[in-house]
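**Student:** My structure is below; once you've seen it, I'll send some questions.
No value in this document is a laboratory result; all are computed from the given coordinates. Keep in mind the model is a prediction, meaning the values are calculated, not measured. Positions of Cβ are generated from backbone atoms using ideal geometry, with glycine treated the same way; all protein chains shown enter the neighbour counts.
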Amino acid sequence: MTPREEIFDRVRKALGRKPGEKPAPVPEPRIRIPEIPPERRVALFAGRLEALGGKVYRAAGLAQVREIAAGILEGAAAVCSTDPLLEKAGIPGLTGVAGGFQDEPSLRAACALAPFGITGADYGLAETGTIVTRSASEARLISLLPPAHIAVLPLSRLLTGLDEFYTVLPKPADASSSTVFITGPSRSADIEMILVRGVHGPRVIHVIVVDEEHATNR
Amino acid sequence: MLMKPEQEEQIRRTVDNPKIQLAVYSATARLKEKREEAVASEALPEYQELRTQANRIKKHTLENLDVYLEEFEANVEAHGGKVIYARNGAEVADFILGLARERGVRMLVKSKSMTTEEIHLNQRLEHHHLEAVETDLGEYIIQLAHDRPYHIVAPAVHMTRQDVADVFEKNLADPRTEEPEKQAMIARRNLREKFLAAGIGISGANFLVADSGAVCIVENEGNARLTTTAPPIHIAVAGLEKMIPRARDLAVFLKLLGRSGTGQLLTVYTSFLSGPRRGREADGPGEFYVVLMDNGRTRLLADAEKRQSLYCIRCGACLNACPVYRKIGGHNYPGAYSGPIGAIITPQYEGIAKDPWLPFASSLCGACAEVCPVKIDIPKILLDLRKEVVEDRAVHGGGFVERKAFQMYGWLMRRPKLYAMAGRIAAKMARLPGAASIGPAAKWGSVREVTLPARKSFRDQWREREKSK
Ligand code: SF4
């Protein structure tokens, strides 16, 4: 017997089940979406993320996104993802910002050196101060290797929390090999329970929430 | 005797060591407090409902595990990955060694995984000259120190910053520092090189998600993200029992896991990964494998009552709540898992005869069951296991077993001076007038509240309670 056959055999024997036997009905998932109006969501999101040491900005439109990003960067070098929203906002045109990496080695080399990584956020989760990035739309390393991360989140993508996320996207792996929830800067308390930021991931995270009506009107 | 004299001696040394007593006592107190705040009814009114649902889902999944294994496997393959089945630790290592040989890999990075700890994977790989580098800060320190994890979620909880400074000085080229912040940056620099050079990344999995063929990994540092992103090959190693039916069930489990472990609403990073990097994606591994390991789990599955031991999501809450763990620490439990969960799964994975005293390492106070987010009835299982030990001994001629089957707690209580002294010293040291404002502790206090051990130890309080009865 192969290990696979033997393990299936052991499992079925232990449970008294036969191959092909139908499973018992699965319990209903427990999904409860709270009602939080959009404006309240931004405040909740900002409060949560700031409590973790993140920074949240509010932009009325894409021009303001560019201004805020420029203010954060102050001319420092950055790697920018290929998210169309960032391009529309003119982020790749800012001094020091490199984008449009097509091949992995050059992307990796750029991310390993740049002090900032700039990405879009596919979703935000207000209840936890979380942003969601998916590899289908964002290179994974841009939000991971540089010591600071700037993410641009459209207001309409700011969901209430986990329950709403799994309602909108019940099978996150269907369209993307990686879906990552990012909740604040990288941290560790492994030495004497003392909080240290930026152990492996970014030590700083900035999220710019942009009002989409203005964003799409441009 | 249920316990060997060396084991007794080792426990005595831990109880007698004020440094370790203070470190473990204050860390677990802090985690306990954080958890309590996070699940308090004002903070999370739905807490009990979530626990009930988590328990229900785990129960259902294990009762129908063969179906979910098949579904999981089909979905991993649909996303271009591969599932490998391993009956034991040797088969896990064989697969990794074989793949490393084929791909010419000599160094791999690892993110924290209790499952690989359980099977001593690093030793197995190193035996074949494959370098395996732990990347979680705590695990990295432990690996350099040739030590083993002390706590499921806080592996280096027994070490001080001075210990870390010693370990780094001995193993790394960086100048000595006793500041945790700087120590963390030393680890970041040294490990960054490893991440970018490694040929394989090995992770564990907090959850295996059947309807998505995905592994879900939670962490705070970003080392698991790096491990699963930077190297060209990602291998996730997980016990069969980590299965859940649907991605949507994570809405329940993720809410419980972070809060129960460290009081976080969510850990900093939650990765949901399925298959290698796809067509248009810019980066990520080119190969994706999930190794599903049995190693004793199917044996547990057969017992409808004890099966619930497999519900565990490794949050660590039961360790922090356990008066015995907090006293005897993590290293006195044999195997990778310590505390109440270790006391029930280690004897079941490895057979009851190996460490018959283990199910007795509990005061049966019930604190573990009370905090367990998936509602495992740990005290009940401990009692069942005790019964098995006693019966086993009776069969094998141990006629005076009843008399000898003492409780670990009782063992400690019979050394009242020793026990009381260790606890009081720890409490006093932390309360010395300047302790929170001078030297390194000042930094500690400036970042967060210094946690003080209770003025009166559990034991002292207990004695008073007993007296006043
Ligand atoms: S037994 Fe329960 S409390 Fe203990 S680690 Fe497992 S899930 Fe957490």
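**Student:** Are any of the pairs B:Lys34/B:Lys255; B:Lys19/B:Lys327; B:Lys112/B:Lys354; B:Lys19/B:Lys182 more than 20 Å apart by Cα-Cα distance, and if so, which?
**Tutor:** B:Lys112/B:Lys354; B:Lys19/B:Lys182
**Student:** 5 Å is the cut-off here: which amide hydrogens, built 1.01 Å from N in the peptide plane, fall below it relative to A:Val97, excluding neighbours closer than 5 in sequence?
**Tutor:** Amide H neighbours of A:Val97: A:Ala78.
**Student:** With the dipole of the stretch B:10-298 worked out from charges on the C-beta (+1 for Lys and Arg, -1 for Asp and Glu) around the Cα centre, which of B:Ala90, B:Leu65, B:Thr28 lies farthest toward the positive end?
**Tutor:** Result: B:Thr28.
**Student:** How would B:Cys365, A:Cys111 line up from fewest to most surrounding beta-carbon atoms within 10 angstrom?
**Tutor:** B:Cys365, A:Cys111
**Student:** Still on this structure, I have one more. What is the Rg over Rh value, at two decimals, for the stretch A:122-218, using alpha-carbon atoms and the Kirkwood definition of Rh?
**Tutor:** Rounded to two decimals, Rg over Rh is 1.01.
**Student:** Label-point separation (nm) for B:Asp16 and B:Met107, each offset 7 Å from Cα along Cα-to-Cβ?
**Tutor:** 4.2 nm
**Student:** Charges on Cβ only, +1 for Lys and Arg, -1 for Asp and Glu, centred on the Cα centroid of chain A; of A:Val209, A:Ile36, A:Gly71, which one is farthest towards the dipole's positive end?
**Tutor:** A:Ile36
**Student:** Which net charge results when you count Lys and Arg as +1 and Asp and Glu as -1 among the other residues whose beta-carbon is under 12 Å from that of B:Gly80? Numbers along the way, then the final one.
**Tutor:** Working: positive: B:Lys82, B:Arg277, B:Arg278; negative: B:Glu77, B:Glu281, B:Glu287.
So the environment of B:Gly80 carries a net charge of 0.
**Student:** Could you check what % of the DSSP bridge pairs in chain A are antiparallel, to the nearest 5? Provide the component values of the computation, followed by the final result.
**Tutor:** Working: 9 of 34 bridges.
Approximately 25 percent, going by the DSSP bridge assignments.
**Student:** Hey, another quick one. Which ³J(HN,Hα) values in Hz, rounded to whole numbers, follow from the phi angles of the stretch B:136-148 under the Karplus curve 6.51 cos²θ - 1.76 cosθ + 1.60, where θ = phi - 60° and Gly and Pro get x?
**Tutor:** Rounded to whole hertz, the list is 5, 3, x, 5, 4, 4, 4, 5, 4, 7, 6, 10, 10.
**Student:** Here's a follow-up. For A:Glu35, put the label point 7 Å out on the Cα→Cβ axis and report which residues of the stretch A:118-160 keep their amide N under 19 Å from it.
**Tutor:** A:126-127, A:159-160
**Student:** On to the next question. Which semi-axis lengths, in whole Å and largest first, follow from the square roots of five times the eigenvalues of the Cα gyration tensor of chain A? Let's see the in-between values first.
**Tutor:** On the way: eigenvalues 270, 100, 68 Å².
So the three semi-axes of chain A are 37, 22, 18 Å.
**Student:** For the stretch B:10-298, what is the largest minus smallest coordinate of the Cα atoms on each principal axis, given in angstrom and ordered from greatest to least?
**Tutor:** For the stretch B:10-298, the Cα extents along the three principal axes come out at 53, 51, 39 Å.
**Student:** A further question follows. By counting other Cβ atoms within 10 Å of each Cβ, how are A:Ser135, B:Ser203 ranked from fewest to most?
**Tutor:** Least to most surrounded, the residues fall as A:Ser135, B:Ser203.
**Student:** Looking at the stretch B:184-274, what % of its DSSP beta bridges pair antiparallel, to the nearest 5?
**Tutor:** The antiparallel fraction comes to roughly 60 percent.
**Student:** Please report the spacing between the Cα centers of the stretch B:90-134 and the stretch B:211-283 in Å, no decimals.
**Tutor:** 20 Å
**Student:** Net charge near B:His158: determine it from the other residues with C-beta under 11 Å of the C-beta of B:His158, scoring Lys and Arg +1 and Asp and Glu -1. Working shown, then result.
**Tutor:** Details: positive: B:Lys19, B:Arg148; negative: A:Glu192, B:Asp147, B:Asp163.
Here the count lands on -1.
**Student:** Limiting things to C-alpha atoms, what are the Rg and the maximum Cα-Cα separation (Dmax) for the stretch B:171-254, in angstroms?
**Tutor:** 16.3, 50
**Student:** At R0 = 30 Å, how high is the FRET efficiency between B:Glu169 and B:His129 if r is their beta carbon distance? Nearest 0.05 is fine. Display every interim value, and only then the final one.
**Tutor:** Details: r = 27 Å, r/R0 = 0.88.
Once the sixth-power term is evaluated, E becomes 0.70.
**Student:** Pairs of alpha-carbon atoms within less than 8 angstrom and 6+ residues apart define the contacts here; what relative contact order does the stretch B:247-372 have, in percent?
**Tutor:** Worked out over the stretch B:247-372, it gives 21 percent.
**Student:** Let me ask another. Under a crude label model (7 Å from the Cα following the beta-carbon direction), how far is A:Lys13 from B:Cys365 in nanometres?
**Tutor:** For the pair A:Lys13/B:Cys365, the computed spacing is 4.2 nm.
**Student:** Once each part is reduced to its C-alpha centroid, what is the distance from the stretch B:29-58 to the stretch B:321-375 in angstrom?
**Tutor:** 21 Å
**Student:** What per residue convex hull volume, in Å³, do the alpha-carbon atoms of the protein assembly as shown yield?
**Tutor:** So the per-residue hull volume is 166 Å³.
**Student:** Can you give the log10 of the normalised intensity I(q)/I(0) at q = 0.13 Å⁻¹, computed with Debye over equal Cα scatterers of the stretch B:1-135?
**Tutor:** -1.07
**Student:** Stretched out fully, how many nm does the piece from A:Glu50 to A:Thr95 gain, at 0.36 nm a residue minus the Cα gap? Intermediate results must be reported in sequence, preceding the final value.
**Tutor:** Details: separation 45, 0.36 × 45 = 16.20 nm, distance 2.76 nm.
That pair, A:Glu50 and A:Thr95, stretches by 13.4 nm at full extension.
**Student:** Of the candidates A:Ile91, A:Ile150, A:Ile194, which one comes out as most mobile in a Gaussian network treatment of chain A with C-alpha springs shorter than 10 Å?
**Tutor:** With Cα springs under 10 Å in chain A, the top fluctuation among A:Ile91, A:Ile150, A:Ile194 is at A:Ile194.
**Student:** Hey, another quick one. So for B:His60, B:His158, fewest C-beta neighbours within 10 Å to most, what's the order?
**Tutor:** If I rank by nearby Cβ atoms, fewest first, I get B:His60, B:His158.
**Student:** Dipole of the stretch B:10-298, Cα-centred, from +1 at each Lys and Arg C-beta and -1 at each Asp and Glu C-beta, to the nearest 20 debye?
**Tutor:** The dipole of the stretch B:10-298 has a size of about 260 debye.
**Student:** For the stretch B:86-143, how big is Rg over Rh, using alpha carbon atoms and the Kirkwood form of Rh?
**Tutor:** Reported Rg/Rh (Cα atoms, Kirkwood Rh): 0.95.
**Student:** If I model a spin label as a point 7 Å beyond the Cα along the Cα-Cβ vector, how far apart are those points for A:Asp174 and B:Glu6 in nm?
**Tutor:** 5.7 nm
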